[in-house]
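Asker: Just passing along the structure, written as structure tokens.
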Amino acid sequence: MTRPLGQGHQFPGVLPQGADQLTGWHKAAYSDPNQSCVEVGYNTAAHVVGVRDTKNRTAATLVFSGSAWRKFISHAAGHRQER
């Protein structure tokens, strides 16, 4: 099932403004050095956050608006506390 993109979402292959200037890449504190993990980078001026594969940094980067990222983190943190 597919859904149309909501207002403010980007089409595949189109980078949001500032996505090419992500900095501050870091792995999560819970990352295992021998397992698959991701890194998070940001561009505070453009209000975007990027997520990439630590083992293949030149592959595609997923880019989210700052507000979408905050919603994701809030949701993920809530589920972690339920365990």
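Asker: Within the stretch 55-83, how many residues are open to solvent by less than 100 Å² (accessible area, probe 1.4 Å) and either at pLDDT 85 or above or within 17 Å of GLN21 (Cα to Cα) (or both)?
Answerer: Residues in the stretch 55-83 being open to solvent by less than 100 Å² (accessible area, probe 1.4 Å) and either at pLDDT 85 or above or within 17 Å of GLN21 (Cα to Cα) (or both): 12 in total.
Asker: Restricting attention to the stretch 42-54, which residues are closer than 15 Å to GLN17 by Cβ and either at pLDDT below 80 or surrounded by 11 or more Cβ atoms within 10 Å (Cβ to Cβ) (or both)?
Answerer: Scanning the stretch 42-54 gives TYR42, ASN43, THR44, ALA46, HIS47, VAL48, VAL49, GLY50.
Asker: Pairs under 8 Å by beta carbon, first residue in a loop (DSSP other than H, G, I, E, B) in the stretch 38-54, partner of a type in the set (A, V, I, L, M) and open to solvent by 20 Å² or more (accessible area, probe 1.4 Å), six or more apart or different chains?
Answerer: THR54/VAL38
The values are calculated or read from the model by the stated rules, or taken from the named source; none is laboratory data. Bear in mind the structure is a predicted one, so any value in this text is a computation, not a measurement. A quick note on method: Cβ atoms are made from the backbone with ideal geometry, for glycine too, and the neighbour counts reach across all protein chains shown. Accessible surface is based on the protein model in full, side chains and every heavy atom, while ligands, DNA and RNA are left aside. Shrake-Rupley method; radii C 1.70, N 1.55, O 1.52, S 1.80 Å.
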